[in-house]
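FYI, it's all coordinate maths here, none of it is from the lab. Only a predicted model underlies this, so the values are computations on that prediction, with no experimental measurement involved. Cβ atoms come from the backbone with ideal geometry, glycine included; neighbour counts cover every protein chain shown.
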Amino acid sequence: MFRIDGPGHLNNMWVEEDPALNRPPTQFTADFMNAMQEEIAGAIEGAGMQLSKADSGQLLAAVQKLAMLTSVPRFAAIPAQRVLLINAANEADKVYADEIYVKDLGEMIWTETAWAGGSFQGYRSPQCGRPVFGHTLTPLAREVDGVGGLLPKTAPYLGLLAYAYENGLVVSQATWTANIGAHYFVDVDANTFRVPDIRQQFASFRAGAPDPDTANARTLGSRQLDALQNITGALGSVLNIQTSASGVFALAASGTGAYATGNTGDFNQFTFNAARVARTSTETRAANVAYYSRIHI
């Protein structure tokens, strides 16, 4: 684009004829009109539209379309249908919103998933299925309790079941029960599905990595039972008399006593206590902070 520079311009501005000043009017020039034409046509075509001699509203439509394409539509609730941004006679020319923002739920993406016996078409959070540290007494609008409960196959929950199918996390009820704590779901019936019960579990970023004990790669959402790192100790003796202990062992008593055979002899008594070398409890655990187990929908 450029400002008029044809004959009769005044500092690149248009002027009218003024006989008193003997000033001619500014003249239209081909290069100026061509530049103006291409600027307007370029905006229309840049919006993916075809020029139409019969349509005098194309520039406005192009500006509106480009504005919509560069902003995220906002809604108070999840739309039941895919949001149409730009209507057109041909379906191929229509523009739909793949990304929207919903109050209390945040960013949502249009998703289409099908599985044997069901399907999901709708807006869903890109965080859907993610375990969440529940920092409030009740779940937020974008959360559900991860305590093994049942959810209906309706909005806004059906997208969560679709996530589970997409990632191979749907198992039978028997498998779910045998692996409580795993990030597994159950497609219960035509109306409901079961979510994981992830209470009293620690997250481990080991999916796809070799298990330290088996060298097999851990699968996404799989459960691993608790285990205690091996604790060792040693007993020392001189001439068959136990004289020293280390690690989890301790010399508790010594003296002379009777054996089962009726004979008597010297003895030493030892005790085993892991607390001598490590912090102990009724459970094996890491240092932790308590939150509610939640799942993002």
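Could you give the length gained by full extension between D189 and E17, i.e. 0.36 nm per residue of separation minus their alpha carbon distance, to one decimal place?
53.6 nm
Percent antiparallel among DSSP beta bridges with both residues in the chain, to the nearest 5?
Approximately 90 percent, going by the DSSP bridge assignments.
If each DSSP helix of 4+ residues adds -39,500 (n - 2.57) and the sum is divided by the residues in the chain, what number results at 222 nm, nearest 500 deg cm²/dmol?
Calculated mean residue ellipticity at 222 nm is -4500 deg cm²/dmol.
Just to be sure I follow the definition: excluding the sites themselves, where is the longest run in the chain that has none of the GluC sites (Glu not before Pro) in a DSSP loop with at most 10 other Cβ atoms within 10 Å?
With GluC sites (Glu not before Pro) excluded where exposed in loops, the chain gives 17-282 as its longest stretch.
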